[in-house]
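For reference, the structure discussed in these notes is given below.
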Amino acid sequence: MPLFRRRDERPSGSRPESASGRPDKDVDWRSFDSVAETYARLSAPNLARVAEDLVKLLEVAPGQRVLDVGTGTGVGARAAAGVTGQDGVAAGIDPSIGMLRVARRGGGGPAYAAATSIDLPFRDQTFDRLMANFVIAFFPNYQTAFFELLRVLKPGGRLAVSWWGRSDNEDELRKTWRGVVEEFAEHEVLQDAERRVIPWEEHFSDPAVLKDALHEAGLRDIWTERREYRFQMPRDWWLNSRETTVVGRFLRQMIGPEVWEAFRSRARQVFAERFPDPLNDFRDVVFAAGHKP
């Protein structure tokens, strides 16, 4: 059976695609295209560690078909391909062409396609395993996205997701960086920008909420876990990685090049005064997995 379906072939039982689910072509700061190279160099290596754990939790086996949803620079797809082997298939989808270009350069065996989570270019029941590494909070309508994901998952197949956990207290690194950002833009403006791109960021930081969402989507025997990771990197690298986030991209477009350089200088001054070099960044990650009956 071919991996890809024809683009004019509607998935059986699929829901109509809503306008809110399409990428916003008018606002370039929403896209990862402009920061793909920096993201691949600074952020992807840390996310690859989580992706490898996600593949283990999915119990991916040689010969299986695995889809990495929101693959970005391909760290999850490559982790899956390392297990499925030549007899299996690993594929990654992402709406960002810039990220996919970087993913393809990374090799490792996966196939990639530009697609959104609510219009997958695959036939029904194509995959044995689905994974979504740090992507579910970006779904404009996560119920519609899960409906489409389960369409391409075989009965008995497994789906696993990850997202950042909620800390009891906001960590000092992000609190300090956000404080510098808010010297250059109002809190409410920044908050609105984040919600436009990551509407479910806080929602899915709670394992219980994530479990309920997967159950409502139709998965069963759902298991959740929270793990702590330590990411170490030079101070400048950490600051550069923050510039690739939604707030970083939005701020850069909003304030223009000259003020942007003033912001960058201010951030480096503040961090040099308060934090050692290199930095240790401790993050909680929430995992959830279940199977399709």
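Every read-out reported here was derived from the displayed coordinates using simple, explicitly stated rules and does not represent laboratory data. Computed from a predicted structure; not experimentally measured. All Cβ positions, glycine included, derive from the backbone under ideal geometry; neighbour counts span all protein chains shown.
Would you mind classifying the range 88-139 by shape? Square roots of the alpha carbon gyration tensor eigenvalues, ordered a ≥ b ≥ c; an a/c under 1.5 is rounded, otherwise it is prolate if a/b is larger than b/c and oblate if not. Taking the square roots of the gyration eigenvalues as a ≥ b ≥ c, the range 88-139 is oblate. Determine the shape class of the range 117-173: with a ≥ b ≥ c the square roots of the Cα gyration tensor eigenvalues, call it rounded for a/c under 1.5, and otherwise prolate if a/b is greater than b/c, oblate otherwise. Because a/c hits 1.5 or more and a/b exceeds b/c, the range 117-173 counts as prolate.
Here the sum of -39500 (n - 2.57) over DSSP H runs of 4 or more residues, divided by the residues of the chain, equals -12500 deg cm²/dmol at 222 nm, to the nearest 500. Computed extension gain for residue 111 through residue 212, at 0.36 nm per residue and net of the alpha carbon distance, reaches 33.2 nm. Taking only Cα atoms, what is the 0 to 90° angle, nearest 10, from helix 142-151's long axis to the longest principal axis of the chain? Helix 142-151 sits roughly 30 degrees off the main axis of the chain. FRET efficiency for the residue 268 to residue 166 pair, using the beta carbon distance and R₀ = 35 Å, is estimated at 0.80.
Near residue 133, once Lys and Arg are set to +1 and Asp and Glu to -1 for all other residues with Cβ below 12 Å from its Cβ, the sum equals -2. Which of rounded, prolate, oblate describes the range 74-201, given a ≥ b ≥ c as roots of the alpha-carbon gyration tensor eigenvalues and a/c under 1.5 marking rounded, otherwise prolate only if a/b is larger than b/c? It comes out prolate by the Cα gyration axes. Only one of (i) 17.7, 61; (ii) 19.1, 59; (iii) 23.7, 77 was calculated from the structure for Rg and Dmax of the Cα atoms in Å, and its label is (ii). Placing a label point 7 Å from the Cα of residue 125 along the Cα-to-Cβ direction, the residues of the range 265-293 whose backbone N falls under 19 Å of that point are 291-293. Placing a label point 7 Å from the Cα of residue 291 along the Cα-to-Cβ line, the residues of the range 198-224 whose backbone N sits under 18 Å from it are 214-224. Restriction of the GluC sites (Glu not before Pro) in the range 188-275 to DSSP coil positions whose beta-carbon has at most 15 other beta-carbons within 10 angstrom yields 202.
Here 233, 254, 99 are placed in order of increasing Cβ neighbour count within 10 Å, fewest first, which gives 254, 233, 99. Restricting attention to the chain, the count of lysine pairs at 8 or more positions apart or across chains with alpha carbons under 24 Å apart stands at 6.
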